[in-house]
Amino acid sequence: MGKRLKMATALVMATAAVAALWLWSRPDPEARFAWLDHHAFRNDPAARFDPNLGFRLKESVSMYGFRHNAAGLVGPEIGPKAAGTVRVACLGGSTTLGAGVPIDAYSYPALLQAMFDLVTGGQRRVEVLNAGVFGYHSLHTPLRVAELAAFSPDVYVVMDGLNDLDAVRSVPQTVFERARLGRLAAAARDLGRRLAGDDSRIAAAMPGLHGLEAKWRLADMAGNLSRAAYLAGRQRAAMLLVSDPLRLESALPGAGQDRSEQARLLAFGAEVLPVAAVAAAAGRPGVALLDVQPVFAAALTDAATTRRVWADGLHLTRYGNFLLAREVFRALSARPPVAGVLGDRPLPDDNTLEMAFPACLEWRPADGSGRPKTAEGGARLVSTANLKEGPVDREGWSSLTVVDPATPGEAVLHVPSGGRTMRVYPRIEGPGDVVAIWAVDAGGTGRELFALRKTFADGVWSAEGEWYRVPLPEGDGWRVVARLTGENAQLFHRGEAVLFPME
């Protein structure tokens, strides 16, 4: 009995050891979750927790100017796919969702839909779904392809990259190792680091650009996209991999050698993202690549063009989304299955597309945002005609608006000295609204120095707190007049100060 007991005990211990080895060799689900939701977006008001994806958009709500339908996608509700219709699902992060524009109608998938409608006369032979979610990266992409199969997409347009770069910056290397290699391998690596020295171990446990190349290999963007392409192929769907536009600091005029962490991360991305896309598409005839970076690099030639394309360091303006949608439109129209349903319909050239989207092409970006720290040296209010004051906020700011919209309102300003560039804070809503600054000479002849206007009606107010440059003329013998036209034209001022010096 004693011998049998020892054998039984040894068997139990061996089984437990094997079980422990199996358990600790498995990927760590907690680490994978930390990777999927590396910024805890599940706590965002527009999102909710999801056990598979980490988080997803809330369903059937409208937030921040964006509609979420019952499926948790951006845009209108999705009905049954009509016979003869090609359905295009756009996947990606916040750039796909449309962060950077005020309403979802200016996201690139919505503009892409409008471009196809222009070709088909509104028959909706091509239907575009916006499946973008802020914070999603290539690890989400195969999971999304699997669940979006319920909507029978014919083409997946995938734009990953920026959030993959952000993830490798934000997530420590040890988390990637547990999520990708398993607990045992991660523990072995940690032991190796301990033997190598504390600096190596501590660096691997910290976020940032430490071990960037190693973290990028563990993130395995190429493998993630390859799995997504495989799943799309199982659905008999094509795939277009689009490069995420990078606002590369090295392309900006006057960029120096001392680059920020963000600039270094994007420069790293410019090298590795194309390689990952090519590797994912290799050997898959249903997968095509679209590199849009040359189009956006050309927009970095001067500050004005850069402001017109990028809403911030990462996201696009409505004009930037137009450029992106145009490139995707061209690429999809030339390949099956989209080419098949468009048939011999002529495609619009660039001039036709630009004329069809005045809200993107004629839109004027602000020169900056934020209220000035001082009103000293600014242009002050002397008199008004057909203008009324709005309520004053806690900081002493209010707005001038027109009393009778049938005629313009005017405010005469006193400028301490000429030949300066100053800030103005206007706001408008519709095509009839204009805020203009004029220089009027002693003979009554006026010259427009600045005007904020738009010829399109989209129901979107320009942002409060945005400012624009007003170059004032040299010399004396002229006066400055602010002229407001339209019911919803507003000119913000602080006390008597209406124009503010550049800081």
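For segment 38-59, give me each residue that is in a loop (DSSP other than H, G, I, E, B) and under 15 Å from Gly132 (Cα atoms). Before you say what the answer is, go through the steps one by one.
Initially, segment 38-59 is screened for residues in a loop (DSSP other than H, G, I, E, B), giving 38-40, 44-46, 51-53, 58-59.
Listed by number, the residues that qualify are Ala46, Leu53, Lys58, Glu59.
Which numbered condition in (1) touching a strand residue (DSSP E or B) at 6+ places or on another chain (Cβ under 8 Å); (2) of a type in the set (Lys, Arg); (3) over 30 Å from Asp441 (Cα atoms) is the only one that Arg394 fails?
Exception for Arg394: condition (1).
Which numbered condition trips up Ala331, out of (1) within 23 Å of Asp220 (Cα to Cα); (2) touching a Leu at 6+ places or on another chain (Cβ under 6 Å); (3) aliphatic (A, V, I, L, M)?
Here Ala331 meets the rest and fails (1).
For segment 245-268, indicate whether the set of residues that are farther than 16 Å from Phe322 by Cα, surrounded by fewer than 17 Cβ atoms within 10 Å (Cβ to Cβ) and modelled with pLDDT of 95 or more is non-empty.
No, every residue in segment 245-268 fails to be farther than 16 Å from Phe322 by Cα, surrounded by fewer than 17 Cβ atoms within 10 Å (Cβ to Cβ) and modelled with pLDDT of 95 or more.
If I ask for residues that are modelled with pLDDT of 95 or more, in a helix (DSSP H, G or I) and not charged (D, E, K, R), which ones from segment 297-330 would you list?
Val309, Tyr319, Gly320, Asn321, Phe322, Leu323, Leu324, Ala325, Val328, Phe329
Only residues that are under 11 Å from Leu484 (Cα atoms) and open to solvent by less than 60 Å² (accessible area, probe 1.4 Å): list them for segment 384-403, please.
Correct list: Ala385, Asn386, Leu387, Leu400, Thr401, Val402.
Residues of segment 42-79 being within 16 Å of Gly93 (Cβ to Cβ) and β-branched (Val, Ile, Thr), which ones?
Val74
Taking into account only those residues within segment 66-121 that are of a type in the set (Val, Ile, Thr) and closer than 26 Å to Gly340 by Cβ, which is nearest to the chain's Cα centre (by Cα)?
Within segment 66-121, the match that is nearest to the chain's Cα centre (by Cα) is Thr96.
Which pairs turn up if I take residues in segment 301-326 that are among the aromatic types (Phe, Trp, Tyr) and look for partners that are open to solvent by less than 20 Å² (accessible area, probe 1.4 Å) and assigned to a strand (DSSP E or B) with beta carbon separation below 8 Å, at least 6 apart in sequence or on another chain?
From segment 301-326, the pairs are Trp310/Leu316.
What are the residues in segment 278-292 that are in a helix (DSSP H, G or I) and either open to solvent by less than 20 Å² (accessible area, probe 1.4 Å) or not aliphatic (A, V, I, L, M) (or both), if any? Talk me through it step by step, then tell me what you get.
Kept after step one, since they are in a helix (DSSP H, G or I), are these residues of segment 278-292: 278-281.
Scanning segment 278-292 gives Ala280, Ala281.
Under the condition of being without any contact (Cβ under 8 Å) to a residue 60 or more places away in the chain and in a strand (DSSP E or B), which residue from segment 60-105 is surrounded by the most Cβ atoms within 10 Å (Cβ to Cβ)?
For segment 60-105, the residue satisfying everything is Val74.
Could you list, in sequence order, the residues of segment 46-59 that are open to solvent by 60 Å² or more (accessible area, probe 1.4 Å) and either over 18 Å from Tyr136 (Cα atoms) or in contact (Cβ under 8 Å) with a residue 40 or more places away in the chain (or both)?
Asn52
Being touching a helix residue (DSSP H, G or I) at 6+ places or on another chain (Cβ under 8 Å) and either surrounded by fewer than 14 Cβ atoms within 10 Å (Cβ to Cβ) or acidic (Asp, Glu) (or both) is the requirement here; does Asp28 meet it?
Numbers: touching a helix residue (DSSP H, G or I) at 6+ places or on another chain (Cβ under 8 Å): yes; either surrounded by fewer than 14 Cβ atoms within 10 Å (Cβ to Cβ) or acidic (Asp, Glu) (or both): yes.
For Asp28, the condition - touching a helix residue (DSSP H, G or I) at 6+ places or on another chain (Cβ under 8 Å) and either surrounded by fewer than 14 Cβ atoms within 10 Å (Cβ to Cβ) or acidic (Asp, Glu) (or both) - is met.
Test Gly320 against the stated conditions and say whether it is within 23 Å of Ala105 (Cα to Cα) and open to solvent by less than 40 Å² (accessible area, probe 1.4 Å).
yes
Quick check: anything in segment 472-489 within 30 Å of Gly65 (Cα to Cα), open to solvent by 10 Å² or more (accessible area, probe 1.4 Å), in contact with a Leu (Cβ under 9 Å, 6 or more places away or on another chain) and hydrophobic (A, V, I, L, M, F, W, C)?
Checked segment 472-489: no residue is within 30 Å of Gly65 (Cα to Cα), open to solvent by 10 Å² or more (accessible area, probe 1.4 Å), in contact with a Leu (Cβ under 9 Å, 6 or more places away or on another chain) and hydrophobic (A, V, I, L, M, F, W, C).
Do you know which of the residues in segment 351-383 that are at pLDDT below 95 and of a type in the set (Asp, Glu) is surrounded by the fewest Cβ atoms within 10 Å (Cβ to Cβ)?
Within segment 351-383, the match that is surrounded by the fewest Cβ atoms within 10 Å (Cβ to Cβ) is Glu376.
May I ask you to say which residue of Ala331, Ala325 is surrounded by fewer than 20 Cβ atoms within 10 Å (Cβ to Cβ), within 25 Å of the chain's Cα centre (by Cα) and either more than 29 Å from Pro102 (Cβ to Cβ) or of a type in the set (A, V, I, L, M, F, W, C) (or both)?
On inspection, the qualifying residue turns out to be Ala331.
So which residues in segment 393-433 are part of a strand (DSSP E or B) and either under 25 Å from Val460 (Cβ atoms) or of a type in the set (Gly, Ala, Ser) (or both), if there are any at all?
Trp397, Ser398, Ser399, Leu400, Thr401, Val402, Gly409, Ala411, Arg423, Val424, Pro426, Arg427
Would you please name the residue that is nearest to His38 (Cα to Cα), looking only at residues in segment 153-211 that are modelled with pLDDT of 95 or more and over 22 Å from the mean Cα position of the chain (by Cα)?
Pro153
In contact (Cβ under 8 Å) with a residue 24 or more places away in the chain and either surrounded by 14 or more Cβ atoms within 10 Å (Cβ to Cβ) or charged (D, E, K, R) (or both), is that true of Arg125?
When the stated conditions are applied, Arg125 passes them.
Conditions tested, residue by residue: (1) assigned to a loop (DSSP other than H, G, I, E, B); (2) open to solvent by 50 Å² or more (accessible area, probe 1.4 Å); (3) within 27 Å of Arg394 (Cα to Cα); (4) not charged (D, E, K, R).
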{"residue": "Val435", "(1), (2), (3), (4)": "no, no, yes, yes"}
{"residue": "Ala451", "(1), (2), (3), (4)": "no, no, no, yes"}
{"residue": "Gly459", "(1), (2), (3), (4)": "yes, yes, no, yes"}
{"residue": "Glu464", "(1), (2), (3), (4)": "yes, yes, yes, no"}
{"residue": "Tyr468", "(1), (2), (3), (4)": "no, no, yes, yes"}
{"residue": "His493", "(1), (2), (3), (4)": "no, no, yes, yes"}
{"residue": "Leu499", "(1), (2), (3), (4)": "no, no, yes, yes"}
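Can you name the residue in segment 259-277 that is assigned to a helix (DSSP H, G or I) and free of Cβ contacts under 8 Å to residues at least 40 places away in the same chain and, of all such residues, is farthest from Leu289 (Cα to Cα)? Working first, answer last.
Here is the first cut: in segment 259-277, the residues assigned to a helix (DSSP H, G or I) are 261-277.
Subsequent filtering for residues that are free of Cβ contacts under 8 Å to residues at least 40 places away in the same chain retains 263, 267, 270-271, 274.
Numbers: Ala263: 25, Ala267: 20, Ala270: 15, Glu271: 16, Pro274: 9 Å.
Filtering first and then ranking leaves Ala263.
The values are calculated or read from the model by the stated rules, or taken from the named source; none is laboratory data. Just so you know, these numbers come straight off a predicted model, no measurement behind them. Neighbour counts are summed over all protein chains in view; Cβ atoms, including those assigned to glycine, are modelled from backbone coordinates with ideal geometry. Accessible surface is based on the protein model in full, side chains and every heavy atom, while ligands, DNA and RNA are left aside. Shrake-Rupley method; radii C 1.70, N 1.55, O 1.52, S 1.80 Å.
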